[in-house]
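Values in this text are rule-based calculations from the coordinates and carry no lab data. Just so it is clear, the structure is predicted and the values come from calculations on it, not from any experiment. With ideal geometry, Cβ positions are generated from the backbone for all residues, glycine too; neighbour counts draw on all protein chains shown.
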Amino acid sequence: MLLRTVEAPLLGATCVLVVDSDARVAVVDAGGGVAERILRIVDREGWTPVGVLATHGHVDHTWDSGRLCREWAVPLHVHEADAYRLAEPFGTLGPLGGQLRAMSDLPGPVEPPRVATFTAEPDAPRPLDVGMTDQLEAWHLPGHTEGSTAYLVHVDGVRTVLTGDVLFAGTIGRTDLPGGDERAMADSLRRLAMLPGEVQVVPGHGPRTSIAAELRSNPFLRAAH
């Protein structure tokens, strides 16, 4: 598989284009302000869109999902525990939601015409069928939100995990927002810490890293190991 990342104008959320060996593309975390750029890239490269995925339901990671889903007539895939957030993208964030609405001059989010929920489990990654030739796995890692999900793919033979807002370079996602759970986050980090060190990490914000690098320098992952 091939990965290409685009940084969203809204809070710098990382949008990831996952492209398989048959030039089919799934877009993970279409944050605020990325839609036009993603449409241009996909059209220029001649890729075939098969779906949009969300690592979790926070609006800075789903803002432009509905636009892409409508343009391509594809579903939005999200863990069933976070699907409720799509109908109330600001209200489910508590006070932060109102702040985001006020700070952005972007066109407001629109609901995708079709939502495909799934029930990935926390015990281990499971294959998720999104219409791609190469395997994509979903791993339920709650804590930041109830339905937070990591996606695992192989890029040039190297396993790569898209962690959303569970794990960042040097730190982790918040657990103090509605739906956050500190204990669940600790369990999720323990599971991530068990991955081989060579696994590459693409977080929902900030630079890429690896499990090995985070076990050396990230106090939260080290504590969970």
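Within the shell of other residues whose beta carbon sits under 15 angstrom from the beta carbon of Gly206, the net charge comes to -3, with Lys and Arg scored +1 and Asp and Glu -1. Let me check I've understood the local charge: for Ile38, count other residues with C-beta under 15 angstrom from its C-beta, Lys and Arg +1, Asp and Glu -1. What total comes out? So the environment of Ile38 carries a net charge of 0. When the inverse distances between all different Cα atoms of the chain are averaged and flipped, the Kirkwood radius reads 17.2 angstrom.
Each residue of segment 156-165 is assigned a 3J(HN,Hα), and the resulting list reads 6, x, 9, 6, 10, 10, 9, 9, x, 9 Hz, derived from the Karplus form 6.51 cos²θ - 1.76 cosθ + 1.60 (θ = phi - 60°), x at Gly and Pro.
Its DSSP H runs of at least 4 residues, each contributing -39,500 (n - 2.57), put the calculated 222 nm mean residue ellipticity of the chain at -7000 deg cm²/dmol, to the nearest 500.
Maximal additional length on extending the Arg183-Arg37 stretch stands at 48.8 nm, based on 0.36 nm per residue less the C-alpha distance.
Using θ = phi - 60° and the Karplus relation 6.51 cos²θ - 1.76 cosθ + 1.60, list the HN-Hα couplings for segment 137-147 in order, rounded to whole Hz, with x at every Gly or Pro. Listing the rounded values in order: 10, 10, 9, 6, 10, x, x, 6, 9, 5, x Hz. Summing Lys and Arg as +1 and Asp and Glu as -1 over all other residues whose Cβ lies under 10 Å from the Cβ of Val19 gives a net charge of -2.
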